[in-house]
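Chemist: Before we start, here is the structure in question, set down as structure tokens.
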Amino acid sequence: MLTALEALERLREGNRRFASGVRSLETLASQARRQDLVAGQAPFAVILGCSDSRVPVEIIFDQGLGDLFVIRVAGNIVAPSHVGSVEFAAAEFGTRLVVVLGHSRCGAVTATVEELRRPAENQSPNLRSIVDRIRPSVETLMETDLKGGTDELIRQAVRANVRASVDHLRHGSAILEDMIRTEGLLVVGAEYALETGAVEVFHGLSDGV
Ligand SMILES: [Zn+2]
């Protein structure tokens with residue numbers, strides 16, 4: 001299994017290929033590996049991303065079958081089943097890198113901003129459960145000068161929401177906390193730009209945060 005930093009480099013290389021319009025032959029050929037994967041998998045990274053149709057994880061990282069263990073949910077929020085999925089991958093396959101992947105112009109974050117400005121009546125409780133998990137990140141920003149604007153508020157809210165999910169994964173599970181401390185598990189936060197196709201890792205590396 002790759003180390004967390006080796007895995008991160010592999011993702012970065014794949015994203016560079018995607019953003020520049022190149023697909024690797026290895027990725028394209030991975031369908032030929034389908035039979036090899038029947039007996040088992042060893043994904044080198046876990047990605048918790050948004051359900052947004054413009055952010056398909058394997059495509060934007062130019063990876064193939066068996067490479068990534070992907071969890072997608074609107075707003076890349078962390079609910080108990082998502083923590084469980086990460087625990088499963090880390091324990092079962094020895095995967096050492098977890099990336100929370102937000103993206104620009106996220107509809108779930110935008111919906112949360114709108115909900116805070118004009119609370120909707122009769123909102124579905126299921127949808128509310130997503131908004132409620134994004135809400136604390138947005139509320140903090142709405143106490144600042146950003147509250148009047150929309151574009152910059154949403155830009156910062158996207159990142160605040162990614163940081164909140166990273167922190168939740170790091171501290172919401174004794175199993176993951178232990179793996180971070182003793183087994184080299186790394187949880188980082190990243191943002192995909194719809195505009196350029198590039199992924200930027202902005203949280204959880206050597207900055208110590
Ligand atoms: Zn989104």
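The values are calculated or read from the model by the stated rules, or taken from the named source; none is laboratory data. These numbers come from a predicted model, not from an experiment. Every residue, glycine as well, gets a Cβ built from its backbone with ideal geometry; the counts of neighbours run over all protein chains shown. Note: areas computed on protein heavy atoms with side chains; ligands, DNA, RNA excluded. Shrake-Rupley method; radii C 1.70, N 1.55, O 1.52, S 1.80 Å.
Chemist: Calculate, for the range 1-126, the solvent-accessible area per residue in square angstrom, rolling a 1.4 angstrom probe over the heavy atoms of the protein chains.
Modeler: With the other protein chains kept in place, the range 1-126 gives 49 Å² per residue.
Chemist: Here's a follow-up. Above 13 Å lies some portion of the pair distances; for the range 75-124, what is it as a whole percent of all C-alpha pairs?
Modeler: 69 percent
Chemist: About the Cα centre of the range 1-103, how large is the charge dipole given +1 on each Lys and Arg Cβ and -1 on each Asp and Glu Cβ? Please answer in debye to the nearest 20.
Modeler: About 240 debye.
Chemist: So for the range 29-71, what are the equivalent ellipsoid semi-axes in whole Å, largest first, each being the square root of 5 times an eigenvalue of the Cα gyration tensor?
Modeler: 21, 12, 8
Chemist: Based on Cβ point charges of +1 for Lys and Arg and -1 for Asp and Glu, what charge dipole magnitude is obtained for the range 84-139 about its Cα centre, in debye rounded to the nearest 20?
Modeler: 180 debye
Chemist: Using only Cα atoms, tell me the angle between helix 107-117 and the longest principal axis of the chain; keep it within 0 to 90° and round to the nearest 10.
Modeler: 20 degrees
Chemist: Please give the charge dipole size of the chain, origin at the Cα centre, charges +1 on K and R Cβ atoms and -1 on D and E Cβ atoms. Round to the nearest 20 debye.
Modeler: With only Lys, Arg, Asp and Glu charged at Cβ, the dipole is about 320 debye.
Chemist: Moving on. Gap in Å between the Cα centre of the range 124-187 and the Cα centre of the range 75-95?
Modeler: Cα centres, the range 75-95 to the range 124-187: 16 Å.
Chemist: For Ser24 and Ser129, what is the calculated FRET efficiency with R₀ set at 30 Å and r taken between the beta-carbons, to the nearest 0.05?
Modeler: 0.20
Chemist: Rank by packing, highest mean first: peptides 94-105, 171-182, 140-151, with packing defined as the count of other Cβ atoms within 10 Å averaged across residues.
Modeler: Descending mean neighbour count gives 94-105, 171-182, 140-151.
Chemist: Moving to a separate point now. On average, how much accessible surface per residue is there in the range 131-203, in Å², for a 1.4 Å probe, leaving out ligands, DNA and RNA?
Modeler: 49 Å²
Chemist: When the accessible area of the chain is computed with all protein chains present and a 1.4 Å probe, what percentage of it is carbon and sulfur?
Modeler: Of all accessible area on the chain, carbon and sulfur atoms account for 52 percent.
Chemist: Expressed in nm to one decimal, what extension gain is obtained for the pair Met142 and Thr182 from 0.36 nm per residue of sequence separation less their Cα-Cα distance?
Modeler: 10.6 nm
Chemist: Please work out the Kirkwood hydrodynamic radius for the chain, using every pair of different C-alpha atoms, and report it in angstroms with one decimal place.
Modeler: Kirkwood hydrodynamic radius for the chain: 17.8 Å.
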